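S.K.: My questions all concern the structure below.
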Amino acid sequence: MKRIITLLVLLSIPPATGYAADPLLDQPHWSLELKGGAFQPALDDWKEHYGSDKTPHYAGTIAYKLLRQLEVGIEGGYMHKTGKGDGQSSGNLGGKVKYELFPIQPFILLRGVFSENQWLVPYVGGGLTKLYYQEKIQYQDTVRGSVNGYHGRAGLQLLLDGMDPDAANNLYLDYGVFHTYLFVEAEYIRVMTGTPSIDLGGKSYLAGFLFEF
């Protein structure tokens, strides 16, 4: 009789909360990306003015999952470079020039994920682009503006959960993070402005971390 009572007591105790939720019963609804890399502008004479054909590119995204494989979101980015000569979009002659880009990009993304324990996940997406630009030209007024265009991106993400299960479990318990990925990505932006038209977009090669929660 004592054994039966003991068993009933044990069964009545809620299961320990020291483990992440069962992915079959509970799945992430949001994703957050933090990434950085190099942006290669489409401008033909970029290297002549800035000494390199690339410039740093930093970005972050937030997205909501309509389905496990389909999500909609928005990306904000920042690129900058300092050089000499005339302003890239204004054509004004000057001395030192600081060129900055701030792309805002709503997007749709399709991820090829079919299992919560899938190690490699390819993805592809794209959407609209609102590109804000600013040129600070020495001894002249700052030039600002914005142009509209579009973008596309594709990449591959690597699941990190299995490399440190304890850390992954703590991330879920403390912050609600289901999965953490390392990813690499290529992005293409096309935005035309001016007469004759010039493309202020270009190609980016990025790497970063994806958190699903």
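The values are calculated or read from the model by the stated rules, or taken from the named source; none is laboratory data. Nothing here was measured: the structure is a model prediction, and the numbers come from that model. Heads up, the Cβs are rebuilt from the backbone with ideal geometry, glycines too, and the neighbour counts pull from every protein chain shown.
S.K.: When you scan the range 56-69, do you find a residue that is under 23 Å from Met192 (Cα atoms), surrounded by 18 or more Cβ atoms within 10 Å (Cβ to Cβ) and at pLDDT below 95, even just one? Please lay out each step first, then the result.
M.R.: Of all residues in the range 56-69, those under 23 Å from Met192 (Cα atoms) come to 56-59.
Checking the rest, the ones that are also surrounded by 18 or more Cβ atoms within 10 Å (Cβ to Cβ) come to 57, 59.
Those still in the list that are at pLDDT below 95 too: none.
Within the range 56-69 (the criterion being under 23 Å from Met192 (Cα atoms), surrounded by 18 or more Cβ atoms within 10 Å (Cβ to Cβ) and at pLDDT below 95), the answer is no, since none of the residues qualifies.
S.K.: Return the residue satisfying two criteria in turn: it lies in the range 101-143 and is β-branched (Val, Ile, Thr) and crowded, with 17+ Cβ neighbours inside 10 Å, and of such residues it is nearest to Gly201 (Cα to Cα).
M.R.: This residue is Thr129.
S.K.: Just give me the residues in the range 104-145 being modelled with pLDDT of 95 or more and of a type in the set (S, T, N, Q), in sequence order.
M.R.: Gln105, Gln118, Thr129
S.K.: Counting only residues that are of a type in the set (S, T, N, Q) and touching a Gly at 6+ places or on another chain (Cβ under 9 Å), give me the strands (runs of 3 or more DSSP E) lying completely in the range 94-213 with at least 1 of them.
M.R.: Where strands (runs of 3 or more DSSP E) fall fully within the range 94-213 and carry at least 1 residues being of a type in the set (S, T, N, Q) and touching a Gly at 6+ places or on another chain (Cβ under 9 Å), they are 96-111, 120-137, 179-193, 202-212.
S.K.: Can you run down the residue pairs with Cβ atoms below 6 Å, 6 or more apart or on separate chains, where the first is in the range 99-123 and within 30 Å of Lys136 (Cβ to Cβ) and the partner is at pLDDT below 95 and polar (S, T, N, Q)?
M.R.: Tyr99/Gln88; Glu100/Gln134
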